[in-house]
Amino acid sequence: MSDTVALLPGDGVGPEVMRVAAAVLTRVRPDVECVEALVGGAALSQGLPALPDETRALCDRSAAILFGSVGLPQYEGKPLEQRPEYALFVLRRDYELYANIRPVRVFAGLEEASSLRSELVTGLDLIVVRELTGGIYYGRPKEQRTVDGIEEAVDTMIYRAPEIERIARIGFELARGRRKRLTSVDKQNILETSRLWRRVVERIAKEYPDIKLDHLLVDNAAMQLVRRPGDFDVIVTENMFGDILSDEAAILTGSIGTLPSASLGTKGRPGRQFGLYEPIAGSAPDIAGKSVANPTAAILSAAMLLRYSLDDDAAATRIERAVEAAYRGGARTAELARNGAAALSTQAFADAVAAHV
Ligand code: NAD
């Protein structure tokens, strides 16, 4: 039986980058069927909800979702249910996408684009694993209220051991396939949730004696990421710390258009886990429709899909090597073209990648 991938291009540059990414994916795996469906503003503009029933049904019967981006200026300020972003919210919630994986790589030739000195980012290759469905973003009570005539607000940070165990295992497993180093980030000098976090991570570490585990407090981690980013291999952390650190790590590369992500859920089994794969950037309305968007993040998201949801590491690696080769060969989209170098269109860049697949 062939595998089905739900292709949800969405808004802005989403359709431009996702269609070329799907073409690269099916070039390495012609047996995979990418079925396209409406999501976000593209659905709302047709009088449908942000996540139409038909799209949901496609996701239910697919091995994974390849997602573009959602969000358009005309929907800003509307209630969440009427905004394109609601689709992502529902998908993350309903498929319990608890593990957000963000690889951060600086491709040879792109060091100059980083905001750090190039010697600090040469060969940079790390992964941030963020817990995505727990912690302070979801804990109850969560409200604003008035007590004795004084306004106050409360958010609740709560973690249960099983939530920490499953995300820690993702971190250890990823480290095992790489340089075998895992850094767990917490704030255990202040937070009870962090003391539990550290204890549970230490417990799981006993199952992975081959992995070198260390712990960093989040404030120190934020500093070390810009001081010695090359020392990190895999970083695992809770939801809010991960939100901030993963964006900090992302800017090390110089272009948001190169960064893919995976969000893995509870459905499926290791190697064939159901997941949602998407560029970390948004719909980029400022460049949409101009065929200048960098499709690297979308293409690398397709590679991650092959690795984690279709258990095809070889195909994923072929795509990643082809992207590296395209950059080594000088292929650049507009936001990365320097010193008068020719800027390739979205399609031309994807063709340069496909030529190396
Ligand atoms: P953005 O990430 O869309 O764009 C930020 C900057 O990065 C822009 O200058 C853009 O041109 C550039 N950029 C983004 N992708 C690029 C690519 N592939 N190639 C070259 N340059 C690229 O962030 P924004 O402008 O703040 O948000 C635009 C919309 O996207 C908003 O509606 C927001 O809600 C939405 N959004 C969606 C997601 C998602 O779908 N997961 C994530 C973030 C933002």
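Filtering segment 161-184 to residues that are on the phi < 0 side of the Ramachandran plot and assigned to a loop (DSSP other than H, G, I, E, B) leaves Gly177, Arg178, Arg179. Checked across segment 331-344, the condition of being in contact with a strand residue (DSSP E or B) (Cβ under 9 Å, 6 or more places away or on another chain), part of a helix (DSSP H, G or I) and farther than 23 Å from Gly275 by Cα holds for at least one residue.
Taking the residues in segment 246-278 that are over 19 Å from Glu96 (Cα atoms) and part of a loop (DSSP other than H, G, I, E, B) as candidates, determine which candidate is nearest to the ligand (Cβ to nearest atom). Going through the qualifying residues, I end up with Ser255. Out of Ala293, Ala281, one residue alone is under 18 Å from Pro84 (Cβ atoms), assigned to a loop (DSSP other than H, G, I, E, B), within 16 Å of the ligand (Cβ to nearest atom) and open to solvent by 20 Å² or more (accessible area, probe 1.4 Å). It is Ala281. Would you check if Asp219 is among the acidic types (Asp, Glu), in a helix (DSSP H, G or I) and either open to solvent by 20 Å² or more (accessible area, probe 1.4 Å) or farther than 22 Å from Ala22 by Cβ (or both)? Answer is yes for this residue. Scan segment 131-146 and give yes if some residue there is among the β-branched types (Val, Ile, Thr) and surrounded by 14 or more Cβ atoms within 10 Å (Cβ to Cβ), otherwise no. Yes, because at least one residue in segment 131-146 is among the β-branched types (Val, Ile, Thr) and surrounded by 14 or more Cβ atoms within 10 Å (Cβ to Cβ).
Within the set Ala108, Ala99, Ala43, the sole residue that is of a type outside the set (Lys, Arg), in contact (Cβ under 8 Å) with a residue 60 or more places away in the chain and either surrounded by 13 or more Cβ atoms within 10 Å (Cβ to Cβ) or within 16 Å of the ligand (Cβ to nearest atom) (or both) turns out to be Ala99. If the condition is being in contact (Cβ under 8 Å) with a residue 12 or more places away in the chain and assigned to a loop (DSSP other than H, G, I, E, B), then segment 185-211 contributes Lys187, Gln188, Asn189, Leu191, Glu207, Tyr208, Asp210, Ile211. Please enumerate the residues belonging to segment 222-243 that are within 18 Å of Arg166 (Cα to Cα) and not in a helix (DSSP H, G or I). If the condition is that a residue be within 18 Å of Arg166 (Cα to Cα) and not in a helix (DSSP H, G or I), then Val234, Ile235, Val236, Thr237, Glu238 are the ones that fit. From the list Ala113, Ala57, the lone residue that is open to solvent by less than 70 Å² (accessible area, probe 1.4 Å) and within 13 Å of the ligand (Cβ to nearest atom) is Ala113. Within the set Ala341, Ala326, Ala348, Ala355, the sole residue that is open to solvent by less than 10 Å² (accessible area, probe 1.4 Å) and of a type in the set (Gly, Ala, Ser) turns out to be Ala326.
Among the residues making up segment 1-37, a single one is among the aliphatic types (A, V, I, L, M), within 15 Å of the ligand (Cβ to nearest atom) and out of contact with any helix residue (DSSP H, G or I) (no Cβ under 7 Å at 6 or more places or on another chain): Val13. Listed conditions (1) of a type in the set (A, V, I, L, M, F, W, C); (2) closer than 18 Å to Ala87 by Cβ; (3) free of Cβ contacts under 8 Å to residues at least 24 places away in the same chain are all met by Ala316, apart from (2). The conditions of being part of a helix (DSSP H, G or I), in contact (Cβ under 8 Å) with a residue 40 or more places away in the chain and under 26 Å from Pro260 (Cβ atoms) are not met by Glu119. Any residue in segment 166-184 that's of a type in the set (Gly, Ala, Ser): show its pairings with residues that are assigned to a loop (DSSP other than H, G, I, E, B) at Cβ separation under 8 Å, as long as the two are six or more apart or on different chains. Listed pairs, sorted by first residue: Ala175/Tyr208; Ala175/Ile211; Ala175/Asp233.
The values are calculated or read from the model by the stated rules, or taken from the named source; none is laboratory data. Everything quoted here is computed from the prediction, not taken from an experiment. Cβ sites come from the backbone with ideal geometry, for glycine too, and all protein chains shown count toward neighbours. Protein only, heavy atoms only, side chains kept; ligands, DNA and RNA dropped before computing areas. Shrake-Rupley method; radii C 1.70, N 1.55, O 1.52, S 1.80 Å.
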